[in-house]
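Trainee: Have a look at this one.
The values are calculated or read from the model by the stated rules, or taken from the named source; none is laboratory data. Please read all numbers here as calculations on a predicted model, not as lab measurements. As a convention, Cβ positions derive from the backbone with ideal geometry for all residues, glycine included, and neighbour counts pool all protein chains shown. With ligands, DNA and RNA removed, areas are computed over all heavy atoms of the protein, side chains included. Shrake-Rupley method; radii C 1.70, N 1.55, O 1.52, S 1.80 Å.
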Amino acid sequence: MLDKVKELIGDVQSFKTTSKEEIEVFKIKYLGSKGLLKDLFNEFKTVDASLKKDLGQALNNLRNAASDKVQELNEALEEQTETKSIYGDLTRPSEAIELGSRHPISIVRNRIIEVFSKIGFTVSEGPEIEDDWHNFTALNLPEYHPARDMQDTFFIEQNPDILLRTHTSSVQVRYMEENQPPIRTISPGRVFRNEDISSRSHCIFHQVEGLYIDTDVSFADLKQTLLYFTKEMFGKSKIRLRPSYFPFTEPSAEVDIYWGLETEIDHKITKGTGWLEIMGCGMVDPNVLKNANIDSEKYTGYAFGMGIERIAMLLYQIPDIRMFYENDVRFLEQFKSVL
Ligand code: PHE
């Protein structure tokens, strides 16, 4: 019996755990009211008196070893939880993370890019501060051309003129100067016009302009692209092309989409007609191709340009363009998107 008790002391001393439950099981096994020690002390009563001294000592040692062990393990456990507790309770459920949202202008811009990239358009970008050549002259708008007044300009320097670009057609000029046809590119970006601010227009806004140049490009190709775009973007493709004028395209047109008159906002943004002008377009004027060193005998192309704000207003039924720039979180947090 003495050997058995000594063996048990060895077991007790080498016992290790970090689990609260296992400590409890250990405690009950040795020290519990129906535990091993209880049995051993009962057995002790029956042993020969000559053996009692050594065995009694060994049993006491076993009991002390077991209760020391329980204390030691519990202390270690507490210490561990204390170190963890500088982070708080690691098992508690976390607080919900506040998800940011994209600006509606970015959502719509990304959507337009997605629609055009499906039919092979790449994205090109250029500077917001432009020279006269790329914003005006190369686009068939020489100095003193009356059509320059169509886009009131913020000038930064004069002679030579440096200005804030009034459209991203300037990026297309840069793109043509560096690439030969076939060209399929869209240019999204911020543009600036010296205009009065109202619910429908602002002095800073965003555009996406597109350019397609190849052999045998016709107005029918342009129209087909517009139908594809409006269908993808709005789910509707009732459009009309109104003859118009832009110096860099000939013939030129403005594109209206039939939106309907279902809500009060529809009435407001379509001025009660149900139709909304969404972009300008046309066949690239041969002069523009020549200015960018593209053979205008061999190649033809179409171009179009649209305002992102106007499209976002339509899609999200936003009644006032100024809301885009106020950065009011109550407005912004309504736009959750993965795009
Ligand atoms: N650049 C024109 C604008 O800003 C839009 C446009 C682009 C029109 C291409 C025709 C062709 O108003």
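Trainee: Considering only Gln180, Gln151, Gln71, give the residue with the highest GNM mean-square fluctuation for the chain, with springs between Cα atoms whenever their separation is below 10 Å.
Mentor: Result: Gln71 has the largest fluctuation of those listed.
Trainee: Moving on. Full-extension gain between Lys45 and Leu99, please, as 0.36 nm times their residue separation minus the C-alpha to C-alpha distance. Kindly include the intermediate steps, with their values, before the conclusion.
Mentor: Details: separation 54, 0.36 × 54 = 19.44 nm, distance 7.20 nm.
12.2 nm is the gain from fully extending Lys45 to Leu99.
Trainee: Another question, then. Where the only charges are on Cβ atoms (+1 Lys, Arg; -1 Asp, Glu), what is the dipole of the chain about its Cα centre, to the nearest 20 debye? Don't skip to the answer; put the middle values down first.
Mentor: Numbers: 40 positive and 54 negative charges, 326 e Å.
Magnitude of the dipole: close to 1560 debye.
Trainee: Separate question: Strictly over 26 Å apart at the Cα level, which of Lys118/Lys238; Lys16/Lys53; Lys236/Lys271; Lys6/Lys29 would you flag in this model? Show your work: numbers first, answer last.
Mentor: Values: Lys118/Lys238 21 Å; Lys16/Lys53 30 Å; Lys236/Lys271 20 Å; Lys6/Lys29 16 Å.
As for pairs spanning more than 26 Å Cα to Cα, those are Lys16/Lys53.
Trainee: Count the net charge of all other residues whose Cβ sits under 13 Å from the Cβ of Tyr144, scoring Lys and Arg as +1 and Asp and Glu as -1. The partial results should precede the final answer.
Mentor: On the way: positive: Arg148; negative: Asp132, Glu143, Asp149, Asp161.
My count for the surroundings of Tyr144 gives -3.
Trainee: For the chain, which whole-number percentage of the solvent-accessible area (1.4 Å probe, protein heavy atoms only) is attributable to carbon and sulfur atoms? Walk me through the intermediate numbers first.
Mentor: Values: 9720 of 19250 Å².
Exposed carbon and sulfur together represent 50 percent of the surface.
Trainee: If you don't mind, there's one more thing I want to ask. Pairs of alpha-carbon atoms within less than 8 angstrom and 6+ residues apart define the contacts here; what relative contact order does the chain have, in percent? Please report the intermediate quantities before stating the final value.
Mentor: Values: 520 pairs, mean separation 54.2, N = 339.
Reported as a whole number, the value is 16 percent.
Trainee: Let me ask something additional. Return one quarter of the surface area of the convex hull spanned by the alpha-carbon atoms of segment 231-287, equal to its mean projected area, in nm². Spell out each step's value before the answer.
Mentor: Working: hull surface 17.9 nm².
For segment 231-287, averaging the hull's shadow over all directions gives 4.5 nm².
Trainee: How do 183-195, 14-26, 89-101 rank on mean C-beta neighbours within 10 Å, highest first?
Mentor: Working: 183-195: 19.6, 14-26: 12.9, 89-101: 7.4.
Output ranking for 183-195, 14-26, 89-101: 183-195, 14-26, 89-101.
Trainee: Whole number in Å², please: accessible area per residue of the chain, 1.4 Å probe, ligands, DNA and RNA not counted. Each step should come with its number before you reach the end.
Mentor: Working: 19250 Å² over 339 residues.
Value returned for the chain: 57 Å² of accessible area per residue.
Trainee: Still on this structure, I have one more. Say the dipole of segment 104-335 comes from +1 at the beta carbon of Lys and Arg and -1 at that of Asp and Glu; which of Asn194, Leu276, Leu141 then lies farthest toward its positive end?
Mentor: Leu276
Trainee: How big is the Cα convex hull of segment 185-339 in projection, averaged over all directions, in nm²? All intermediate terms of the calculation are to be shown ahead of the outcome.
Mentor: Details: hull surface 42.0 nm².
Computed as one quarter of the Cα hull surface, the answer is 10.5 nm².
Trainee: Moving on to the next point. Simple spin-label model, 7 Å along Cα-to-Cβ: Ile129 to Glu157 in nm?
Mentor: 0.8
Trainee: Between beta-carbons, use under 12 Å as the cut-off and find the net charge around Gly272, counting Lys and Arg +1, Asp and Glu -1. Provide the component values of the computation, followed by the final result.
Mentor: Working: positive: Lys268, Lys271; negative: Glu264, Asp266.
Combined, the nearby Lys, Arg, Asp and Glu give 0.
Trainee: While we're looking at this one, here's another question. Relative contact order of segment 2-87, please, whole-number percent, based on alpha carbon pairs below 8 angstrom and at least 6 residues apart.
Mentor: On the way: 57 pairs, mean separation 38.6, N = 86.
Relative contact order of segment 2-87: 45 percent.
Trainee: Let me spell out the model: positive unit charges on the Cβ of Lys and Arg, negative unit charges on the Cβ of Asp and Glu, origin at the Cα centre of segment 2-87. What dipole size does that give, in debye rounded to 20? Present the calculation step by step, with values, prior to reporting the outcome.
Mentor: Values: 14 positive and 16 negative charges, 71 e Å.
That gives segment 2-87 a dipole magnitude of about 340 debye.
Trainee: OK, next. I'm checking a number: the convex hull volume of the Cα atoms of the chain, normalised per residue, in Å³. What is it?
Mentor: Details: hull volume 84.6 nm³, N = 339.
That works out to 250 Å³ per residue.
Trainee: Out of Asn110, Thr18, Gly56, whose Cα points farthest toward the positive end of the dipole of the chain (charges: +1 Lys, Arg; -1 Asp, Glu; placed on Cβ)?
Mentor: Checking the options against the dipole of the chain, the answer is Gly56.
Trainee: Rounded to the nearest 500, what is the chain's calculated 222 nm mean residue ellipticity when only DSSP H runs of at least 4 contribute -39500 (n - 2.57) each, over all residues?
Mentor: Calculated from helices alone, the mean residue ellipticity at 222 nm is -12500 deg cm²/dmol.
Trainee: Moving to a separate point now. As I understand it, the dipole of the chain uses +1 on the Cβ of Lys and Arg and -1 on the Cβ of Asp and Glu, about the Cα centre. Which of Phe41, Met150, Ile162 lies farthest toward its positive end?
Mentor: Of the listed residues, the answer is Phe41.
Trainee: On the principal axes of its Cα set, how long, how wide and how thick is segment 1-141? Give whole Å, largest value first.
Mentor: 122, 31, 23
Trainee: Determine the relative contact order of segment 62-165: mean sequence separation of Cα pairs under 8 Å and six or more apart, normalised by residue count, in whole percent.
Mentor: Working: 40 pairs, mean separation 19.6, N = 104.
In percent, rounded to a whole number, it is 19.
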